[in-house]
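The values are calculated or read from the model by the stated rules, or taken from the named source; none is laboratory data. Please read these numbers as outputs of a predicted model, since none were measured by experiment. Note: ideal-geometry Cβ built from the backbone for every residue, glycine included; neighbour counts use all protein chains shown. All accessible areas refer to the heavy atoms of the entire protein, side chains included, with ligands and DNA or RNA removed. Shrake-Rupley method; radii C 1.70, N 1.55, O 1.52, S 1.80 Å.
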Amino acid sequence: MADQPSLWDQLQPEQPEQPEQPEQPQTGRPQEPPARAAPRILRVTDLNRRVRSLLDADSVLGDVWVEGEVSQPSFPPSGHCFFTLKDANSQLRAALFREELGRAVVRPEHGMNVIIHGRVRAYEPQGVYQLYVESITPAGAGDLHARYEALRRELAAAGLFDDARKRPIPRWPRRIGVVTSPVGAVWRDITNVLRRRYPLVELVLSPSVVQGATAAPAVVRALQRLYAQEGLDTIILARGGGSLEDLWCFNDERVVRAIAEAPVPVIVGVGHESDVTLADFAADLRAPTPSAAAELATPDGTQLTTILGRLRDRSTAALLGRAADQRRFVEAEERALVRLSPDIGAARQRTADLIDRGGRALDDRLERRRMLLASSHDALRTLSPTATLERGYAVARGPDGRILRDATAVGAGDPLQVILARGTVDTRVEKTTGDGTEDLIT
């Protein structure tokens, strides 16, 4: 098998092949050695970049598990963690960024033996290679950690840890459900914190074992009992500290899915700040300790007076501001009305003049109509049959009731009705003549 090229050989740039030179004829002079090609000089940046590309291309270095001892961990303000991982013969620089540190099962401490999963890469600015940590777990818990990581990736892919699922915690809760052991210190700590901090809230305990083989189904049943309660505002799932094995029930898929299905926001406070379980990822809010969970679930009752005073001041200021705005609006409307209002006195004077003119015009018109009516009345009286009868004339009606205009229309003996100006006369015809009209005229 041919020898593998060394790292230095891989770093060297490929040299172009030189054309074969024809053999020179043998002469008495010694032959000069062939001229060597000038070496290609790399910049430091180019060299570091090439080393990094070689490390990135190595599939083994891209997914490694390393066991060692943590030495001199540092936690700068950026939230990251930097430390040295060493054994009896070697050491390796390691970087644990803030996001991975928040998900870490343990917090690196000096002298801690750990198993780290991550990748090896070169850091070009300093020309060093280091281990970028993706997960860290105490040595001896490798199997549990592998199960933890596999389940975490599966549940994350299912969307159970999405930030969009997180709900805000009610600021002024009335009833809070608690799932924990009723005989442990955690329940006493939660009740003491809430009694001191916010005694107005009502606590509903759903007891459960929180350690052992039966803990996971017991926690699920305790949560479901609270889900059946009405009027709960928040649920606290809490347990004290312990080893990874002690807290394993909170990494159970059944518990994680039960938390994700909660109808109200859930706060998980399990272990200490360095203990991170899968239940923390599914919860609406993670608390570093059970006591912190109780504090995060309620406002500080000792500050209620201050809060109420602040709300009173804000409401008073808002009302006064609203009243001032309305007052300015009314004043502006008043000025507009004064500017746009008509001259009432002039309008009243014009109205009075119009009424007087209208009255005079109406009187004149009525008088003219009265005179016309009187004239028409006189004309009608003159033309009325009654006026004719008053002058001595009469109207005769024949037996059939028709007015007689011709004497030949009746004969002797026919009854007549003669209508006078005042009254009627019934008579009979004795004789008729065909003329005599001239006598009436004269």
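Some notes on this structure:
- Only one of [x] 20, 35, 24, 15, 6, 0; [y] 15, 23, 14, 10, 8, 8, 10, 8, 3, 1, 0; [z] 27, 58, 15, 0 was calculated from the structure for P(r) over Cα pairs in 20 Å bins from 0, in percent, and its label is [y].
- Accessible-area value, VAL120, 1.4 Å probe, nucleic acids and ligands omitted, Å²: 20
- Between the C-alpha center of segment 36-73 and that of segment 266-314 there is a gap of 45 Å.
- Given charges at Cβ of Lys, Arg, Asp, Glu: segment 247-321 dipole, positive-most of ALA282, LEU247, GLY309: GLY309
- Based on Cα contacts under 8 Å between residues 6+ apart, the chain shows a relative contact order of 9 percent.
- Using the Cβ of VAL264 as centre and a radius below 15 Å, the other residues enclosed give a net charge of +2, where K and R count +1 and D and E count -1.
- Ranking THR214, THR137 from most to least accessible surface, computed with a 1.4 Å probe over the protein chains only, gives THR214, THR137.
- Solvent-accessible area of segment 246-343 (1.4 angstrom probe, protein heavy atoms only): carbon and sulfur portion equals 56 percent.
- Given a 1.4 Å probe and the protein chains as shown, MET112 ends up with an accessible area of around 40 Å².
- Scoring 286-297, 42-53 by mean Cβ neighbours within 10 Å over their residues and listing the highest first yields 286-297, 42-53.
- C-alpha center-to-center spacing [segment 194-239, segment 317-372] in angstrom: 75
- Backbone amide hydrogens, once placed in the peptide plane, bring VAL429 within less than 5 Å of GLY413, ASP414, LEU416, excluding anything fewer than 5 places away on its chain.
- Whole-Hz couplings from phi, Karplus 6.51/-1.76/1.60, listed for segment 179-184; x for Gly and Pro: 10, 6, 6, x, 9, x
- Placed amide H near VAL270: partners under 5 Å, 5+ positions off or other chain: ARG239, ALA287
- Measuring only protein heavy atoms, the 1.4 Å probe finds ILE355 accessible over about 110 Å².
- 3J(HN,Hα) couplings calculated from phi for segment 304-310 with the Karplus curve 6.51 cos²θ - 1.76 cosθ + 1.60 (θ = phi - 60°) are, in sequence order, 4, 4, 5, 5, 5, x, 5 Hz; Gly and Pro show x.
- Close amide H partners of LEU131, meaning residues 5 or more places away or on another chain with modelled amide H under 5 Å apart, are ARG93, ALA94, ALA95.
- Karplus 3J(HN,Hα) series, Hz, for segment 323-333 with 6.51 cos²θ - 1.76 cosθ + 1.60 (x for Gly, Pro): 5, 5, 4, 5, 5, 4, 5, 5, 5, 5, 5
- Only helices enter the 222 nm calculation for the chain: every DSSP H run of n ≥ 4 contributes -39,500 (n - 2.57), and dividing by all residues gives -12500 deg cm²/dmol, rounded to 500.
- An oblate overall shape is assigned to segment 150-262, the ratio a/c of its alpha-carbon gyration tensor axes (a ≥ b ≥ c) being 1.5 or greater and a/b not exceeding b/c.
- Net charge of neighbours whose Cβ lies under 13 Å from the Cβ of GLU334, counting Lys and Arg as +1 and Asp and Glu as -1: +2
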